[in-house]
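**Q** The structure that follows is given in the form of structure tokens.
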Amino acid sequence: MSFAAPPPLPPFLETELPFERGTYRLEEGAWAGRRLHFIDHGPRDAPAVLMLHGNPTWSFLWRRVIAALPEYRCLAPDLIGLGLSDKPRRLAEHRVEAHGEALEEWLGALGITSAALMVQDWGGPIGTYLGATHLAATGSERFTALVIANTSVLLPERPRGTAFHRFARFPGISDLVFRGFGFPQNILHRIQGDPASIRGPVARAYRWPLRRWRDRAAPLALARMVPSAPDHPSVPALRRGETWARAFGGPIALVWGTRDPILGRALKWHERAFPQAAVTRTEAGHFLQEEVPEELAEALRRGT
């Protein structure tokens, strides 16, 4: 199997990510040959938890949650195109299915047959799609619990996306802003409950993997992956993931940053869809891992 040492970190990040890391070279699917970087930290015989980030972050986002869960084996990959994973330059390469297939292969190579699933932003629909495809392929559930945090695993009847996503669909100007000016990774603090939570070295850590303009395809591609109409290419995969999530029989927790201007209001939809879920409301923003890591860790503990 194609595991290798992880890429080195710059000195300012070495102390921020004191975790076991690795790289896996994909062997199958649309991204065969691409390298996926990941954190795999904690006792190998401990209960596993898969932590999936979204746009435009990377496994760095989960570091404070990982530190709060020493009794778990914490698996936090960088989605292809982001973090320290390889970065395809063609927008069309980014599809829900491609991300799901890459993660399925990587988890299989690690021998992970059972894990809790913790998701945020695009990690939500990618993670639920992963749950659906694994169940369909094997007849068994891989995931034992589900922690949903400032994402949407539900698809509106008439999908449009937010103003952010609608802007991303304008050709030319969106390419200039996303690729040329490093949007949105340069302004993450603006969607936080406490803007100071992403400042200084933390803000630099989010910018660092996308410091070169040629590596900035994924933030725009993932923004365009959000459906703009019922016939959008992402819709079938998102519907499949939603169906799996609604039928999921394990423990579910909703941990929300209500000061998130993008998905803060999505909590009410998820409460209706998952009335059995334990709900934790916080004053955090979109990247609540930076503001309330202990709340996320405790929600996982309660459900596993």
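**Q** Can you bin region 108-177 into rounded, prolate or oblate? Criterion: square roots of the alpha carbon gyration tensor eigenvalues sorted a ≥ b ≥ c, rounded for a/c under 1.5, prolate for a/b above b/c, oblate for the rest.
**A** In terms of gyration-tensor shape, prolate.
**Q** With a cut-off of 13 Å, note down the residues of region 269-300 whose backbone N falls inside the zone around a label point 7 Å from the Cα of Thr258 toward its beta carbon.
**A** Output list for this probe position: 279-285.
**Q** Please check: in the Gaussian network model of the chain (C-alpha springs, under 10 Å), which one of Gly180, Gly124, Gly108 has the largest mean-square fluctuation.
**A** Among Gly180, Gly124, Gly108, the largest GNM mean-square fluctuation belongs to Gly108.
**Q** For region 53-106, which trypsin sites (Lys or Arg not before Pro) are both in a DSSP coil and crowded by at most 12 other Cβ atoms within 10 Å?
**A** Those that pass, being in a loop and sparsely packed, are Arg90.
**Q** Roughly how many percent of the accessible protein surface of the chain is carbon and sulfur, given a 1.4 Å probe and a whole-percent answer?
**A** With neighbouring chains kept in place, the figure for the chain is 54 percent.
**Q** Under the classification rounded if a/c is under 1.5, otherwise prolate if a/b is larger than b/c and oblate if not, where does region 103-246 fall, given a ≥ b ≥ c as square roots of the Cα gyration tensor eigenvalues?
**A** prolate
**Q** Further question on the same structure: In square angstrom, what is the accessible area per residue of region 49-173 with a 1.4 angstrom probe?
**A** 31
**Q** Which one, Gln289, Gln276, Gln192, has the greatest fluctuation when you compute a Gaussian network model over the chain with C-alpha springs under 10 angstrom?
**A** Gln276
**Q** I need the GluC sites (Glu not before Pro) found in region 199-284, filtered to DSSP loop residues with at most 14 other beta carbons within 10 Å of theirs.
**A** Glu283
**Q** Let me ask something else. Let me check against my output: what whole-number percent is the relative contact order of region 130-202, with C-alpha pairs under 8 Å and at least 6 apart?
**A** It comes to 11 percent, rounded to a whole number.
**Q** By how many nm would the segment from Ile112 to Phe12 grow when fully extended, if each residue of separation counts as 0.36 nm and the alpha-carbon distance is taken off?
**A** 32.8 nm
**Q** Extending each Cα 7 Å along its Cβ direction at Arg95 and Ala5, get the distance between those two points in nm, one decimal.
**A** 3.7
**Q** Once Lys and Arg get +1 and Asp and Glu get -1 on their Cβ, which of Thr162, Gly264, Asn150 lies farthest toward the positive end of the dipole of the chain?
**A** Farthest towards the positive pole: Thr162.
**Q** Given Gly241, Trp213, Met225, which one lies farthest toward the positive end of the charge dipole of region 198-249, if we put +1 on the Cβ of every Lys and Arg and -1 on the Cβ of every Asp and Glu?
**A** In region 198-249, that residue is Trp213.
**Q** Trypsin sites (Lys or Arg not before Pro), restricted to region 171-226: which are DSSP loop and have at most 10 other Cβ atoms within 10 Å?
**A** Arg212
**Q** Let me have the 222 nm mean residue ellipticity of the chain computed from DSSP H runs of 4+ only, each contributing -39500 (n - 2.57), with the sum over all residues rounded to the nearest 500.
**A** -9000 deg cm²/dmol
**Q** Let me ask something else. Quick one: what are the phi-derived ³J(HN,Hα) couplings along region 77-88, Karplus 6.51/-1.76/1.60 with θ = phi - 60°, whole Hz, x for glycine and proline?
**A** Calculated HN-Hα couplings, in order: x, 8, 3, 3, x, 10, x, 9, 6, 4, 10, x Hz.
**Q** With a ≥ b ≥ c taken as the square roots of the eigenvalues of the C-alpha gyration tensor of the chain, please select rounded if a/c is under 1.5 and otherwise prolate if a/b is larger than b/c or oblate if it is not?
**A** Rounded, since a/c falls under 1.5.
**Q** Have a look at Thr151, Thr128, Thr162 and tell me which one the Gaussian network model of the chain (Cα, springs below 10 Å) gives the largest fluctuation.
**A** Largest GNM mean-square fluctuation: Thr162.
**Q** Using unit Cβ charges (K, R positive; D, E negative) and no other charged atoms, how large, in debye to the nearest 20, is the dipole of region 256-304 about its Cα centre?
**A** Computed about the Cα centre, the dipole is about 320 debye.
**Q** Suppose we keep just the DSSP beta bridges with both residues in the chain; what percent of those would be antiparallel, to 5?
**A** Expressed as a percentage, antiparallel bridges in the chain total about 35.
**Q** Please turn the phi angles of region 125-140 into ³J(HN,Hα) values with the Karplus equation 6.51 cos²θ - 1.76 cosθ + 1.60 (θ = phi - 60°), one per residue in order, whole Hz, x for glycine and proline.
**A** Computed from phi, the couplings for region 125-140 are x, 5, x, 6, 4, 4, x, 5, 6, 5, 4, 5, 7, 10, x, 9 Hz.
**Q** Taking the Cβ-Cβ separation of Glu28 and Arg302 as r and a Förster radius of 45 Å, what is the calculated FRET efficiency to the nearest 0.05?
**A** Rounded to the nearest 0.05, the efficiency is 0.80.
**Q** Could you compute the FRET efficiency for Ala278 and Thr138, with r as their C-beta to C-beta distance and R0 at 22 Å, rounded to 0.05?
**A** Between Ala278 and Thr138 the formula returns 0.20.
**Q** Taking the Cα centre of the chain as origin and charging only Cβ (+1 Lys, Arg; -1 Asp, Glu), how large is the dipole, in debye to the nearest 20?
**A** 1000
**Q** Please compute the modelled spin-label separation between Trp269 and Arg211, points set 7 Å along Cα→Cβ, answer in nm with one decimal.
**A** 3.7
The values are calculated or read from the model by the stated rules, or taken from the named source; none is laboratory data. Model, not experiment: these values are computed from the prediction. Note that each Cβ is placed from the backbone with ideal geometry, even for glycine, and that neighbours are counted across all protein chains shown. With ligands, DNA and RNA removed, areas are computed over all heavy atoms of the protein, side chains included. Shrake-Rupley method; radii C 1.70, N 1.55, O 1.52, S 1.80 Å.
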